[in-house]
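Notes to accompany the following structure.
The values are calculated or read from the model by the stated rules, or taken from the named source; none is laboratory data. Note that this is a predicted model, so its numbers are computed, not measured. Cβ atoms come from the backbone with ideal geometry, glycine included; neighbour counts cover every protein chain shown.
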Amino acid sequence: MEAIINQTIIRVIQDDITKQSTDAIVNAANSSLMGGGGVDGAIHRAGGSAILAECKKIVALQGRLPTGQAVITSGGNLLARHVIHTVGPIWGGGNNNEADLLASAYTKSLELAASHNLASISFPSISTGAYRYPLQQAAMVAIKAIISFINTFVSSLREVVIVAFGLSAAEAYKTSLSKAIKG
């Protein structure tokens with residue numbers, strides 16, 4: 001499924017984030033930036049040691065990455081030229097600013113892509129794995145943040161891809177995108 005908003009295509013696909021050839025892929029990282037499980041581990045494994053080396057330099061300079069923030073590295077061995085690492089919130093029931101922090105993770109990633117004049121970016125489903133953010137709620141937060149960014153900022157971005165690993169995630173993001181564009 002796809003929609004065009006302000007001359008930018010938003011696309012939802014079911015695939016592997018590490019196989020995307022967009023200018024950047026987003027890593028649902030932990031605050032240490034040292035790799036881990038799920039998407040984070042898969043990106044570090046597929047991208048090779050160059051990504052980890054760059055992440056270590058970033059942490060040495062600025063410390064751990066706070067929730068809702070983002071940093072950029074090269075893509076290492078990936079098809080994507082860059083990896084934007086962001087930390088989503090751990091679900092704590094919905095009363096701990098999780099929605100704002102999740103929206104910030106998407107927005108800060110988009111801002112970094114735009115500041116590097118990138119034309120395309122691929123996102124995984126941030127915080128919905130080990131961080132247990134409810135999928136449908138996370139999907140709506142993500143779609144709203146992406147649309148808000150596209151409608152608010154003039155940028156180089158022409159394609160934003162949500163890459164869902166499984167069918168249920170793909171359906172959640174497609175449903176959220178459909179609802180958001182219908183008003």
Residue, nearest to Leu167 (Cα to Cα), within the range 108-148, restricted to residues that are assigned to a loop (DSSP other than H, G, I, E, B) and hydroxyl-bearing (Ser, Thr, Tyr): Ser125
In the range 113-140, residue surrounded by the fewest Cβ atoms within 10 Å (Cβ to Cβ) [restricted to those that are of a type in the set (S, T, N, Q) and in contact with a helix residue (DSSP H, G or I) (Cβ under 9 Å, 6 or more places away or on another chain)]: Gln136
Selected residue (only one of Leu177, Leu167 is within 17 Å of Ile17 (Cβ to Cβ) and more than 15 Å from the chain's Cα centre (by Cα)): Leu167
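Residues being under 19 Å from Thr22 (Cα atoms) and surrounded by fewer than 21 Cβ atoms within 10 Å (Cβ to Cβ): count how many of those fall in the range 88-107.
1
For the range 1-42, which strands (runs of 3 or more DSSP E) that fit wholly inside it have 2 or more residues that are within 15 Å of Pro89 (Cα to Cα) and in contact (Cβ under 8 Å) with a residue 40 or more places away in the chain? Walk me through it before giving the result.
Working: elements: 2-5, 8-14, 24-28.
Of the strands (runs of 3 or more DSSP E) lying wholly inside the range 1-42, those with at least 2 residues that are within 15 Å of Pro89 (Cα to Cα) and in contact (Cβ under 8 Å) with a residue 40 or more places away in the chain span 24-28.
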Condition met for Ala119 (over 16 Å from Asn27 (Cα atoms) and in contact with an Asp or Glu (Cβ under 7 Å, 6 or more places away or on another chain)): yes
Test for Ala105: is it of a type outside the set (Lys, Arg) and over 11 Å from the mean Cα position of the chain (by Cα): no
Of all residues making up the range 14-39, the number that are surrounded by 16 or more Cβ atoms within 10 Å (Cβ to Cβ), of a type outside the set (S, T, N, Q) and modelled with pLDDT of 95 or more: 8
One residue from Gly88, Gly76, Gly63 being at pLDDT 95 or above and over 15 Å from Ala29 (Cα atoms): Gly76
Hits in the range 141-159 - residues which are crowded, with 20+ Cβ neighbours inside 10 Å and not β-branched (Val, Ile, Thr): Ala142, Ala145, Phe149, Leu157
So Leu78, is it in contact (Cβ under 8 Å) with a residue 60 or more places away in the chain, farther than 25 Å from Asn151 by Cβ and either assigned to a strand (DSSP E or B) or among the hydrophobic types (A, V, I, L, M, F, W, C) (or both): yes
Subset of the range 51-68 (residues that are outside any loop (DSSP other than H, G, I, E, B), out of contact with any Gly (no Cβ under 7 Å at 6 or more places or on another chain) and in contact (Cβ under 8 Å) with a residue 24 or more places away in the chain): Cys55, Ile58, Val59
Selection count where residues are farther than 12 Å from Gly88 by Cβ and either small (Gly, Ala, Ser) or out of contact with any strand residue (DSSP E or B) (no Cβ under 7 Å at 6 or more places or on another chain) (or both), scope the range 115-136: 8
